[in-house]
1. Has segment 33-54 got any residue that is acidic (D, E) and at pLDDT 95 or above?
2. Could you check segment 48-62 and list, in sequence order, the residues that are surrounded by 12 or more Cβ atoms within 10 Å (Cβ to Cβ), under 27 Å from E11 (Cβ atoms) and free of Cβ contacts under 8 Å to residues at least 24 places away in the same chain?
3. Which residues, counting only those in segment 1-47, are open to solvent by less than 90 Å² (accessible area, probe 1.4 Å) and not in a helix (DSSP H, G or I)?
4. Residue under question is I50, and the condition is that it be more than 10 Å from the chain's Cα centre (by Cα) and not in a helix (DSSP H, G or I); does it hold?
Amino acid sequence: MRHALTDEFPEYAEKIQELKQNNPDFAQLAREYHKLNHEIEGLESRNMPISDANFEELKLRRHQLKDQLYKGWLNGQS
């Protein structure tokens, strides 16, 4: 399963692009999310050796970033 922001929130695809261009705070968190997601997907696809605890920490951080992006900007609470 893909976890790119536009895959997670397809209904907000245009808003995500707009926020990336116009909101530095959102853009920074989106870059961090993208980098972390890319790392996780790479580990999953190559079956890289990593402890389950470390892998779960990476996935938890990705989830936290996704929540922060959604609650802070995508659903209009900011």
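1. no
2. L58, K59, listed by residue number.
3. Across segment 1-47, the qualifying residues are H3, A4, F9, N23.
4. On the way: more than 10 Å from the chain's Cα centre (by Cα): yes; not in a helix (DSSP H, G or I): yes.
In short, yes.
The values are calculated or read from the model by the stated rules, or taken from the named source; none is laboratory data. Just so you know, these numbers come straight off a predicted model, no measurement behind them. Glycine also receives a Cβ, built like all others from the backbone with ideal geometry; neighbour counts cover every protein chain displayed. To get the accessible areas, we keep the full protein, side chains included, count just its heavy atoms, and leave off ligands, DNA and RNA. Shrake-Rupley method; radii C 1.70, N 1.55, O 1.52, S 1.80 Å.
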